[in-house]
Amino acid sequence: MHSPSFASRWPRRKTYSIAVGLTIATILLVLCYRAPSISLRGIAMKTSADDLYNTPHSNFFQTVKSSTKSSQTNPSSSPAYDLPPGVFELIRPHVTSITAKNFTSRTGKVYQLPEAPRFTKPMRNQILILDVESRDIGGPGGLLDDGTPSTDDLQGLTLGRLNHYMFAKLHGYDYQLVQLPVDPTLHGTWNKVPAMREAIKHYEYVVFMDGDAIFTHPHLPLEWLLNYWGVSDNTTMALAEDPSDPFFLNVKRLDINLNTGFVIAHQTPRSEEFFEAWMTCPDETRYPGCGMWKLTHTHEQAVVNEYLRYDYPEEIQILPCTEANRYPNSGDCEGEFISHYWPFKDMIPAGAKEVMAQYFWPPLQKAYSHDRDNIVIAMDAPAKEEDTHDTKKPDAEARHTA
């Protein structure tokens, strides 16, 4: 029960002000929650097919970029402001400089930058890490699971997307997951194309990754990789080769196919034309016969391998398979920088856990070794007793002989 003295000191005008403020806040929250463009969680952007498929000049990503930029310029915020406590502190000691001359991968291989690296300063929100999905990302073990799932309960694709999200937040890049509705006329993997087409209008670089692809070394900045791979001003899209195996050979062209599970898109004078050609290929206006790839494997990836890589040879940069495809110990490519777990998506959890383990077990072992004088007690082995029988036997034998 409120005391009379407290009530007397509480002005009625202030009560009305609070009531009006709460009403306005409630209305704004409802409007934000019902808005189709972005989730309150800051992860999932929801949009209709018209927004990305049929609106060539959408300000969809521009709005998101401007809102993200304003938060990152806040002096009280850091690039990792959205990460849970402890994650940034765990990985921060390992973060590699953009201009580091050498980098040693988990396999022990040493990679070196060129003499004069092109990128020397962080690009932060000029880079977008992009996920695209048509399937449900809620439910048990999903990205939007409101429960408290254990690590074993998290879906493989959830762990893959969390890897992308963590990578973006560690280095101050923008991150978005775009949810598109299912289009029955196109296979689901086509969704990456319109999403990248719109995003690249508002970002210098857009990195798209399948849910079964992860950053093998999240502490290694994208700028370092751009330097190492020598991505040029003319590169509109960089992506990796598939393994050097006849199964992945384009029999018409006799080239190993390229894989669109990891794509670095770059805003260039021809980027809009490039992505428009990719997106409209199934219409067969420019490429007769391309309609077959709407639903036929390998869908949008086949368009790159059948048409775009030959019509835009200067705009496409091919990355080595062992550096940006497959996964460690796969028998062909090692996924040194990007691990791509196709077609074995059940291996994603183990791969994602191994990525995080590199920041825990080696430093812990180093700390243990450093503390050896305080925790390791080395006991001397007991002295061995002499065998009197054996030592006296030669003397006895000598006397007997004498």
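The values are calculated or read from the model by the stated rules, or taken from the named source; none is laboratory data. Worth saying up front: this structure is predicted, and the values here are computed from it rather than measured. Cβ atoms come from the backbone with ideal geometry, glycine included; neighbour counts cover every protein chain shown. What goes into the accessible areas is simple: the full protein's heavy atoms, side chains included, and nothing from ligands, DNA or RNA. Shrake-Rupley method; radii C 1.70, N 1.55, O 1.52, S 1.80 Å.
See the values below:
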item: Most to least accessible of V110, V182, V206 (protein chains only, probe 1.4 Å); result: V182, V110, V206
item: Using a Förster distance of 60 Å, the FRET efficiency for R253-D153 (Cβ separation, nearest 0.05); result: 0.85
item: Distance in nm between pseudo-label sites at E204 and M347 (7 Å out along the Cβ direction from Cα); result: 3.5
item: Inter-label distance, nm, simple model (7 Å from Cα along the C-beta direction), Q126/L144; result: 3.3
item: V182-H297 FRET efficiency (beta carbon distance; Förster radius 30 Å; 0.05 resolution); result: 0.95
item: T104 accessible area, assembled protein chains, probe 1.4 Å, Å²; result: 80
item: Length-normalised contact order for the stretch 119-207 - Cα pairs under 8 Å, 6+ apart - percent; result: 46
item: Cα gyration tensor, the stretch 223-340 - rounded (a/c under 1.5), prolate or oblate; result: oblate
item: Mean shadow area of the stretch 149-283 over all directions, Cα convex hull, nm²; result: 10.7
item: Solvent-accessible surface ranking, highest first, for K294, K101, K384, K169 at 1.4 angstrom; result: K384, K101, K294, K169
